[in-house]
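Notes follow once the structure below has been shown.
The values are calculated or read from the model by the stated rules, or taken from the named source; none is laboratory data. Just so it is clear, the structure is predicted and the values come from calculations on it, not from any experiment. Methodologically, a virtual Cβ is constructed for each residue, glycine included, from the backbone with ideal geometry; neighbour enumeration extends over all protein chains shown. Keep in mind that these areas ignore ligands, DNA and RNA; they rest on the heavy atoms of the full protein, side chains included. Shrake-Rupley method; radii C 1.70, N 1.55, O 1.52, S 1.80 Å.
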Amino acid sequence: MTEKSTPERLSWAVETLELTPSDRVLEIGCGRGVAAALVLGRLEGGSLTAIDRSGTAVEAARLRNGEHVTAGRARFLVAALEDAGFADASFDKIFSVNVNLFWTRSPARELAALRRWLAPGGSLHLCWEPPGPGRAREIAAKVAPVLEEHGFETAVLNGRTSTATDLVCVVGRPRTGTA
């Protein structure tokens with residue numbers, strides 16, 4: 001169940017993950033932990049690791065999801081994506097919401113790490129609620145080819161909030177046989 005105050009973009013992004021109860025999930029840019037709470041509510045036996053550059057945001061996320069942290073199902077870390085280090089094949093699903101680095105500059109280093117961190121059959125979900133009409137198409141047109149250049153097969157999912165704001169998620173799955 002989502003709280004009434006949960007932004008629709010977060011609920012929609014979590015829906016795109018098609019979580020299974022045992023998934024191991026990485027959230028990039030977790031903010032105050034609202035999407036993390038939605039993910040954790042769907043996991044039984046799975047786990048969530050969430051990173052954010054802001055120590056204040058991470059502390060708020062830990063507090064919001066304290067029960068899961070105490071139970072060992074959730075970790076919230078102060079880290080930039082480019083500085084994070086996880087073992088290969090650590091995650092079944094990796095996602096972000098409104099993390100602009102994937103379409104505003106070359107994310108080659110980050111995408112290489114994300115590919116390593118995804119388990120076989122895993123997926124990467126890069127989601128946005130763009131500011132203004134037409135931007136969802138622009139973002140998808142920039143992000144999908146970059147993911148493809150870095151060894152991902154892509155699909156673009158489109159959604160819309162109750163106020164008719166566009167939502168977009170570029171889903172990447174590592175191509176088999178590519179490094």
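crowded, with 21+ Cβ neighbours inside 10 Å and in contact with a Ser or Thr (Cβ under 8 Å, 6 or more places away or on another chain), is that true of LEU114?
no
Test THR56 against the criterion of being among the hydroxyl-bearing types (Ser, Thr, Tyr) and under 22 Å from ARG160 (Cα atoms), and give yes or no.
no
Consider PHE76 carefully, then state whether it is open to solvent by less than 40 Å² (accessible area, probe 1.4 Å), within 27 Å of PRO107 (Cβ to Cβ) and in a strand (DSSP E or B).
When the stated conditions are applied, PHE76 passes them.
Here is a list of conditions, (1) farther than 21 Å from LEU124 by Cα; (2) surrounded by 17 or more Cβ atoms within 10 Å (Cβ to Cβ), and SER54 meets all of them except one; can you say which number that is?
Every condition holds for SER54 apart from (2).
Which residues, taken from the range 93-110, are surrounded by fewer than 21 Cβ atoms within 10 Å (Cβ to Cβ) and under 14 Å from ILE28 (Cα atoms)?
Within the range 93-110, ASN98, VAL99, ASN100, LEU101, GLU110 meet the criteria.
Please go through the range 29-60 and pick out each residue that is assigned to a strand (DSSP E or B) and over 15 Å from ASP92 (Cα atoms).
ILE51, ASP52, listed by residue number.
Restricting attention to the range 13-66, which residues are of a type in the set (S, T, N, Q) and in contact (Cβ under 8 Å) with a residue 24 or more places away in the chain?
Across the range 13-66, the qualifying residues are THR16, THR20, SER22, SER47, THR49, SER54, ASN65.
Scan the range 90-105 and give yes if some residue there is modelled with pLDDT under 95, part of a helix (DSSP H, G or I) and of a type in the set (Val, Ile, Thr), otherwise no.
yes
Could you identify the single residue in LEU63, LEU26 that is hydrophobic (A, V, I, L, M, F, W, C), outside any loop (DSSP other than H, G, I, E, B) and farther than 26 Å from GLU82 by Cβ?
Answer to the selection: LEU63.
Are there any pairs, at least 6 apart or on different chains, whose C-beta atoms fall under 8 Å, with the first in the range 129-142 and open to solvent by 70 Å² or more (accessible area, probe 1.4 Å) and at pLDDT below 95 and the second part of a helix (DSSP H, G or I) and aromatic (Phe, Trp, Tyr), and if so, which?
Listed pairs, sorted by first residue: LYS142/TRP103.
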